[in-house]
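Remarks on the structure that follows.
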Amino acid sequence: IARIVGKFGLAVVTRSGSNPQRFVYESDILSKFQNNINIITEWIPNDISSTNIRRALRRGNSVKYLIPDAVLHYIKEHGLYSSNNSLAPVLSVVCMTVPNGVT
């Protein structure tokens, strides 16, 4: 982390209920490189969370305008997060690998 933040820096977008300034201050590593961390205030609140998206998918609700079409296609193609998928609770805490070219 120190090498990445020291060499490249970070851009952090605030979210409702978060306090990135405090997080940076309380972190020994991040506070050392605080001049390389740009905190961007979110002017338009975005209450979309991955938890809410997974829940909507399990319930069969549309998430068309919440995630990119390519990601939605990948999720549908692989049957991820569906209510009949016994792995859905496990997948909700595992990082999904997206194939090359999908953004």
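The values are calculated or read from the model by the stated rules, or taken from the named source; none is laboratory data. All values derive from a computational prediction rather than experimental measurement. So basically every Cβ, Gly included, is an ideal-geometry build from the backbone, and we count neighbours across all protein chains shown.
The table for this structure:
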item: Some residue of region 71-87 being assigned to a helix (DSSP H, G or I) and modelled with pLDDT under 85; result: no
item: Residue 56 vs. criteria in the same structural domain as residue 83 (by the TED database) and either among the charged types (D, E, K, R) or surrounded by 11 or more Cβ atoms within 10 Å (Cβ to Cβ) (or both); result: yes
item: Subset of region 1-17 that is in a strand (DSSP E or B) and surrounded by 12 or more Cβ atoms within 10 Å (Cβ to Cβ) - its residue that is farthest from the chain's Cα centre (by Cα); result: 10
item: Leading residue by the ranking (modelled with the lowest pLDDT) among those in region 18-43 that are within 17 Å of the chain's Cα centre (by Cα) and closer than 23 Å to residue 65 by Cβ; result: 42
item: Members of region 46-61 that are assigned to a loop (DSSP other than H, G, I, E, B), closer than 23 Å to residue 15 by Cβ and of a type outside the set (A, V, I, L, M); result: 46, 47, 49, 61
